[in-house]
2 protein chains.
Amino acid sequence: MHLADGAPQVNGNDQTEYGKNVVEGLKKEEQLEKSSVQKLSTEHDLVLKTFRFGAIGMAAIGVALWKYGMRYAPHTPTYFNRDRFVLSNGHTCLFQYTFLHLTGYKAMTLEQLKSYHSDRVDALCPGHPEIEHEGIEVTTGPLGQGVANAVGLAMATKNLQATYNKPEFDVVSNHTWCMIGDACLQEGVALEAISLAGHLKLNNLTIMYDNNQITCDGSVDLTNTEDVNAKMRACGWDVIDIEDGCFDIEGLVEALNKARAATDKPTFINVRTVIGIGSAVAGNAVAHGAAFGDDDVANMKKMYGFDPQSSFVVGEEVRKFFGDIPARGEDFVRSWENKVQAYEEKYPELGADFRRRVEGRLPENWKELIPTKEAFPEKATATRASSGLVFNPIAQACNNFMVGTADLSPSVNMIWKGKVDFQHPDRKTTCGITGNYSGRYIHYGVREHAMAAVSNGLAAFAPNTFVPITSSFFMFYLYAAPAVRMGALQHLQVIHAATHDSIGMGEDGPTHQPIELANLYRAMPNVLYIRPGDSEETAGAWITAIEAKHTSTIISTSRHTLPQLPQTRRDGVSKGAYVLQEDEDADVTLIGVGAELCFAVDVAKELKTKGIKARLISFPCWRLFEAQSLEYKRDTLRKHRIPAVVIEPYAPNGWERYANAAICVKRFGHSLPGKAAYKFFGFEVGTMTAKVGEYLESLKADDILRQEFVEL
Amino acid sequence: MHLADGAPQVNGNDQTEYGKNVVEGLKKEEQLEKSSVQKLSTEHDLVLKTFRFGAIGMAAIGVALWKYGMRYAPHTPTYFNRDRFVLSNGHTCLFQYTFLHLTGYKAMTLEQLKSYHSDRVDALCPGHPEIEHEGIEVTTGPLGQGVANAVGLAMATKNLQATYNKPEFDVVSNHTWCMIGDACLQEGVALEAISLAGHLKLNNLTIMYDNNQITCDGSVDLTNTEDVNAKMRACGWDVIDIEDGCFDIEGLVEALNKARAATDKPTFINVRTVIGIGSAVAGNAVAHGAAFGDDDVANMKKMYGFDPQSSFVVGEEVRKFFGDIPARGEDFVRSWENKVQAYEEKYPELGADFRRRVEGRLPENWKELIPTKEAFPEKATATRASSGLVFNPIAQACNNFMVGTADLSPSVNMIWKGKVDFQHPDRKTTCGITGNYSGRYIHYGVREHAMAAVSNGLAAFAPNTFVPITSSFFMFYLYAAPAVRMGALQHLQVIHAATHDSIGMGEDGPTHQPIELANLYRAMPNVLYIRPGDSEETAGAWITAIEAKHTSTIISTSRHTLPQLPQTRRDGVSKGAYVLQEDEDADVTLIGVGAELCFAVDVAKELKTKGIKARLISFPCWRLFEAQSLEYKRDTLRKHRIPAVVIEPYAPNGWERYANAAICVKRFGHSLPGKAAYKFFGFEVGTMTAKVGEYLESLKADDILRQEFVEL
C-alpha cells in the first residue's frame, strides 16, 4: 500500500527553512547502496515495497512482527493471552494503523486509514495511537512512556503466570513487544524503566529499537553519542544487533524468536534503519516531520513499480501475504479457551479465581474489610497511617492489587501483613528481602515517573485485572505527573497513595511542600484528587477510588497526626463535599480540607466565643462535588446567602468557585517542623479566627468586596 | 565535631516497625573489620572520627574535598572562579553545613548548626540546602536534580572559558563537583543529564558517588542491580573506583586530582561507603532516615574517645586542620583579581565584556533590538514565529543568553542568524552540524526534564551571568515541571519558550493538548505564565521575562497563525491584563487570552450585531495582574458592575476570580486539525456568541446564578 500523495507530517512539526538549510544529512544514493536489497526473497521484497509509508524505515520490522513474531487475533482483539505491542514512538502510528488494517482488524478499514490528520471526528487514526481503538494496547505520544508501559505489561504477565499457571496449563504465556525510536532512549522515564526491567529479569519483554539515528533536530550524534548496546547490557539486557534493518526480515524474525525464547533477561534488538528510505530525503531529519512533496512520492512509487497516479492501493499479493493472520489468531483463541476450560476443571478454585481476574472483578467482600468508624483508633492518627488501616487488609485479600512504592516503604504505610515482594525468584538481596513473581509489592526504587508509567502498563493489561497502587510523597507526583496524566487519559484505574501533603510535613522544606501541585491534579481531567481529614474520610477516599473503575485517583494524606472528628462520614467523601456542621443562622461558612479540616472545626468553635456563627463544610474533592446535582451543590455551599472562607495552605486558585476568601499560601514553603510551619504561615487557630472576623467586618465596609476573592 | 544526641531524622521519614522487622542489613562488626582504619595517618584519623555525624559514611569524601580537592574562598563565598559544589543527595545537608562551618564560612556559626530541624525561622540549616545561604550553590532535595544542575554549572564554565580565556589568562578555570547517593542514579533526570554530559565531554565535571547501597526501603539490590561503572563508561564517562571510601582519604584525594586533570571526559568516582558507619545500625536502611538513639550515639562517642556527655564540641586539632582554608581562599581571590586586572589591560574590549558578565548585566541596548509594533508582519503570524522575530536578534547580540531546545529546533523558532552550537570542538556530527564551547545554542536531545534542570545550573553559576532559554511544546513542560519548579524556587531567571499551546495545535491529539497544565504554572510561585495574543503581545512577554531578573517565565505561544490585532500593547502585557476595548455601557466583559484573544474580538463584533455591547480585556498573565494596584484591577475588570466571560480552551479553575463564566474545556483534547479541534470543542465564533447571549439571558432568570461560576 502506498499512502496518500504527500507523506503525512508525522508529528505536526513544520520544518520551514530549518531542514533545507541546516541539516545536510546522508545521501540517498549511499543509503540505497548500503542496503542489501538483493538478498530479499521476492515475496518479502514486494511486501516491503508496499509498506514504504508512514514510518518507512520500520517496514521490515513491522512485517517481521505482524507476520511472524507476534501472537494475536485480529478478529478477537481483546484475546486475553495475546502478545502486547506498544508503539512507544507513537508519532509513527501510521505504521501500526496500516498493519492493523492489513492483518484484518475489522474496524480499521481502508476508509479509516484515510482519516489520519483529517477533520473526521470519529477517526480511528488519531495523531498518536489511542487505547480506545481496536488493536491499540496503550495510548502513546509523549516519548519514553511506552517503554515503561511495556515493562508494566510484562510484569502483569509474570505475576499472572506465577499466580495461575500450572504444569501443562500455561494459561498465561504472552510476550510484550515494544517499538521505540532514538528519542525514547533519551527520555528519563524510559531509562528508569529499562533499569528496573533488567533488575526484574523480564525475559518476556522485547524492545525493538528503530535505530535510524535521526530526530527532529538532525542526526542523533548532535546530542547522544553513548554506546547504547553497552548501556543496555550494563542494565541487565540481552542485545541483538540487526545491521540491515530496512530489509533483513529473516534476521529480524530470527531475533524475535530468540527474544521470545530468552531465559533470564529482557531483550534489546538494535535495528539499524534509514529514515525515509527510498525518498529524496532518506536519512535526513526533514524526513522525520515534513511531507515529502508530490514529486518525491511519485518517484518513490515509480521506483517500486507502482502507478504514481494511484493512492491507497493494496495489491492482491499483499492481501494474500497477510490473509492467514485472522484464522491463525482464532486458532490461538480457541486453543487458549480450551486450555482454560480444562484448567478450570482440574483446578476449580484457582480456575474461578483466574476467571474473576480475566473479567476484571474484585472479590465481592472487599468493602467489608474496611474498619467501621468506631473501629478506628480513638487517638489522633496521621491519614497516611489511616490509609494503611483502610487499605492493607484489602490489598492482602484481593490479588488484583499490585502495590508499589518509589522507595518510601517506611513512610507510606502500604505494606500489609505477609506481603510478598514482586521479584525474580532467584534474587537474593543484601538486606535479606526476597520474593517471587507472584508477589504483589513492588519496590520501584527512586523512580517516581517510571512507577506511575509502569502502573499504567499493569492497568492496561486487561480492564481491572490489575489495579495498581503507587505511593510516594505527594510532592514527587510532580515527577510522576506525565504518567499520571497518561493513566487518566486512558481511563485506567490507578490509585496513587500520596503522603506528606500540605505544609505539615515540615522540616523537609520548600522543595517538599506541595504548595501548587493540587492545582494541577484538581484541573486534570479524569483524576480524583482527594484529601481526607481523618480515618473515616480516608475510608471514604479508598472506597471512592476502588469503585472508580475507569478513573485515576490520588489519595493525598498527612504525615502528621490528625484528630478523629465525630462528624465525618465516609459517604460524604463520595460526594466531594458535605456539611459537617449546619447552622441555619450562620454568619459564615468555613470550608475545611484534608489535614486542615480540624483547623476549620477549631476556628468555628473559637468564632462562636466571639459571637460569630459558623457552619462547616468538609471538602475533600472538587471533581466529585462537581458531579453532584445543582440542588445538592447549592444546599451544601449556600454561597449565595453567606460568605464562605476556605482553609488550605495551598495556592488558592479555583477555590473562588466555592469560597469568597481563603486562608492560603501563595509563596513557596519554609523548612520548619510541622507545627512551626503552620504557625509561620498563619495557620494557628487564633490567627485564623481573627482573619475571618476581620474579613466579615471588611465586607460591611467595602461593597465591591463581595464580588472579589480575597486571600486572608 | 560530634553532633547533638540522637542523630537527625535526615529526610523526615519515620521508620516505625519497618526497619526493625524487615531490613536485616550487614553487621556493624564486619564493616569495621573490612575498613582499613590502620592505614590512616593519625591526623586524618582524628579528623575522620570527629566528622562522624550527619551523613557519617561520607565524612572521608568531605575531608578530601574541602581540605584538598576544592578551590574556594569561605570569606568571599561568591568568588567568581570558585569551584562549584552540588549536594545532589540534599537530604545529607548536615554534611555540607558542617564543612561550611569548619572551613570558615562566617554565617555558619556553631549556633546555626544547631538550628537544623529546629523551630528557628531564620535558620541557615534548613532540611535541604538552599541557594539563599552562604556557600550553597543550588537548592537540592528532589533527587537527581543536582546532577543536572552540576552539568549546567560545568557547561557555564566551558562557555565562559571558550568565550573569554586567552593564553596565559585563564580567567575562568573552575571545576564542578557533584555529590550523589544511590537514589540520584535511579532518577530519570539524572540519567538524561549524565548522557548529555558524556556527549559534551565535560572534563570539568566530577560526580562523587556515595555508594553505600542503601536507600529508604533497604539495600539497593532490591531495585537496582545494574553495572553502574559499565553504564557510566557507556555514557562517555571516566570511572575511578574507591574501595574503602569511609577511610581512604589519600585515595580519594588522588581521585579528585585525577578528575580535575581529566582531558576529554567527565569523571565518575565510585566510592564504596558504609551508611551509619560506627553506629549499631551501620550498613542498614534504618540508618538512612531514623535517629540512632541515645545509647548508640553515646557508644559511638566512646568508641572514638570523646566524652559521651558532651555535644557540639570541636577539638582544637580539628580547628587547626581546617585553619588554613580561609587564607588559602583569599589567595585564590587575590590571584584571580590580579589576573583579571591584567587581562582587562591587555584585552580592554573583551575585559569589559567579561566584567559585564561577571556583574550579570545585559548589553544596554537589548530592548532596542525588538521590532516596533509597525515593523511586525501585517499578515497573520503564529506567536511561536513572533517569539523568533522578537527574541532571535536579542539572542544574537547578547551573549548572556544560552538558548536550548529539547529536539524541536524546526518548531520553536529559537535559532538566530549565525548561531553556533554548544558542542565539544572536535565533535563531527553525521548531519554536518558542528560547534564549539563558545556556542550558545544547545541541542539537549529529547530530554525536557534535564533541559530545565541543566538550565537551572547555568543560571545558578552567578546571578544573571547566564540567562538560559529552554524550548519545547508546552505540553512537555509537564516532563520538565520539577525542574521548572526548582528554578522558580531558587529565584533563577530562566525563560521557557513553550510553543504549541492550547488546542489549536491540533492533530497530535490529547497527549499533546495541554488542557490542565496552565493551572499548574499559574499557581506555581515565582513563575510568570504568559500567553501573548499576537506579535505585539509576544514582544511584551519577552520584555517582561527579560526584565524579571529573579523570576522564571513561561512564554506560551501558538503553533497556528493569529491575526495581528490593532489594539494590543506590549506594555499592557507587563500589567498582566488590560482593556483592549472599553465601553462604559457594556452588557458584558469578554476576556480573551493568548491564541484565543482574536476569538474574543470576533465574538464582541458578533454580539454587537445582536444588540449586546461587550467590552474586551486581554489577559495574558495572572501573576502580573495580581501585582497591580486594587484600583487598576477594579477598573480593568469591572466585575462588580457587569458579568465577565473568559474564552480559553483550558480547564477554567481559577478564572472564577476574574470571570463569571467560561467558554472552556474540562475533558482531555481530541486529535483533529486545529480549526476542526476548535469547532469540536465549541470555539466557533457563532457558537460562542450564542453561548454568551444565552448566559446573559439566564442571569435574568436565576438570581443565584450571579454567585456561581458557569462553564458554558
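The values are calculated or read from the model by the stated rules, or taken from the named source; none is laboratory data. Keep in mind the model is a prediction, meaning the values are calculated, not measured. When we count neighbours, we look across all protein chains shown, and the Cβ atoms used for this are built from the backbone with ideal geometry, even at glycine. Ligands, DNA and RNA are excluded from the accessible area calculation, which covers all protein heavy atoms including side chains. Shrake-Rupley method; radii C 1.70, N 1.55, O 1.52, S 1.80 Å.
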Filtering segment A:223-275 for residues that are within 30 Å of B:Pro425 (Cα to Cα), surrounded by fewer than 20 Cβ atoms within 10 Å (Cβ to Cβ) and among the basic types (Lys, Arg) leaves a count of 1
Single residue of A:Leu191, A:Leu185, A:Leu205 found to be within 22 Å of A:Asn149 (Cβ to Cβ) and within 7 Å of another protein chain (Cβ to nearest Cβ): A:Leu191
Residue in segment A:161-180 that is touching a Pro at 6+ places or on another chain (Cβ under 8 Å), outside any strand (DSSP E or B) and of a type in the set (Phe, Trp, Tyr) present: no
Result of the Cβ filter at 7 Å on segment A:229-241, keeping first residues that are at the interface with another protein chain (Cβ under 8 Å from one of its Cβ atoms) and partners that are open to solvent by 20 Å² or more (accessible area, probe 1.4 Å) and of a type in the set (Ser, Thr, Tyr), at least 6 apart or interchain, is A:Gly236/B:Thr225
Among residues belonging to segment A:297-327 that are without any contact (Cβ under 8 Å) to a residue 12 or more places away in the chain and in a helix (DSSP H, G or I), point out the one that is farthest from A:Ser279 (Cα to Cα). A:Ala327
Mind counting the residues in segment A:643-684 that are open to solvent by 10 Å² or more (accessible area, probe 1.4 Å), more than 11 Å from chain B (Cβ to nearest Cβ) and among the charged types (D, E, K, R)? 1
Within segment B:175-196, the count of residues that are out of contact with any Leu (no Cβ under 6 Å at 6 or more places or on another chain), under 28 Å from B:Thr429 (Cα atoms) and touching a residue at least 60 places away in the same chain (Cβ under 8 Å) comes to 7
Of all residues making up segment B:123-142, the number that are at the interface with chain A (Cβ under 8 Å from one of its Cβ atoms) and touching a helix residue (DSSP H, G or I) at 6+ places or on another chain (Cβ under 8 Å): 8
Would a scan of segment B:491-501 turn up a residue that is charged (D, E, K, R), more than 14 Å from chain A (Cβ to nearest Cβ) and open to solvent by less than 10 Å² (accessible area, probe 1.4 Å)? no
Would you confirm whether any residue within segment B:421-433 is of a type in the set (Gly, Ala, Ser) and surrounded by fewer than 24 Cβ atoms within 10 Å (Cβ to Cβ)? yes
Collect the residues in segment B:143-158 that are within 11 Å of another protein chain (Cβ to nearest Cβ) and open to solvent by 10 Å² or more (accessible area, probe 1.4 Å), keeping them in residue-number order. B:Leu143
Determine, yes or no, whether A:Gly62 is at pLDDT below 90 and surrounded by 21 or more Cβ atoms within 10 Å (Cβ to Cβ). no
Taking B:Thr636 as the residue in question, decide whether it is open to solvent by less than 20 Å² (accessible area, probe 1.4 Å), out of contact with any Ser or Thr (no Cβ under 8 Å at 6 or more places or on another chain) and among the polar types (S, T, N, Q). yes
Mind listing whichever residues of segment B:186-197 are under 24 Å from A:Ala480 (Cβ atoms) and open to solvent by less than 10 Å² (accessible area, probe 1.4 Å)? B:Gln186, B:Glu187, B:Gly188, B:Val189, B:Ala190, B:Glu192, B:Ala193, B:Ile194, B:Ser195, B:Leu196
What single numbered condition from (1) within 11 Å of chain A (Cβ to nearest Cβ); (2) open to solvent by less than 10 Å² (accessible area, probe 1.4 Å); (3) among the charged types (D, E, K, R) fails to hold for B:Arg120? (2)
Looking at this structure, is A:Ser558 on the phi > 0 side of the Ramachandran plot and either open to solvent by 10 Å² or more (accessible area, probe 1.4 Å) or of a type in the set (Ser, Thr, Tyr) (or both)? no
Looking at segment A:389-431 only, could you name the residues that are away from every other protein chain (no Cβ under 13 Å) and of a type in the set (D, E, K, R)? none
Residue by residue through segment A:349-371, note down the ones that are over 27 Å from A:Trp336 (Cα atoms) and surrounded by 15 or more Cβ atoms within 10 Å (Cβ to Cβ). A:Trp366, A:Leu369, A:Ile370, A:Pro371
If you scan segment B:509-556, which residues turn out to be within 12 Å of chain A (Cβ to nearest Cβ) and of a type in the set (Asp, Glu)? B:Glu516
Per the list (1) more than 11 Å from every other protein chain (Cβ to nearest Cβ); (2) over 37 Å from the mean Cα position of the chain (by Cα), residue check on A:Ala627 breaks on (2)
Pairing a residue in segment B:363-389 that is more than 15 Å from B:Ser471 (Cα to Cα) with any residue that is charged (D, E, K, R) and in a helix (DSSP H, G or I), where Cβ atoms lie under 8 Å and the two sit 6 or more apart in sequence or on different chains, gives B:Pro363/B:Arg356; B:Lys373/B:Glu536; B:Lys373/B:Arg570; B:Phe376/B:Glu536
For segment A:125-142, name all the residues that are surrounded by fewer than 24 Cβ atoms within 10 Å (Cβ to Cβ) and aliphatic (A, V, I, L, M). A:Ile131
Unmet criterion (only one of (1) out of contact with any helix residue (DSSP H, G or I) (no Cβ under 7 Å at 6 or more places or on another chain); (2) more than 12 Å from chain A (Cβ to nearest Cβ)) for B:Thr434: (2)
May I ask you to list the residues in segment B:696-708 that are at pLDDT 95 or above and surrounded by 12 or more Cβ atoms within 10 Å (Cβ to Cβ)? B:Leu696, B:Ser698, B:Leu699
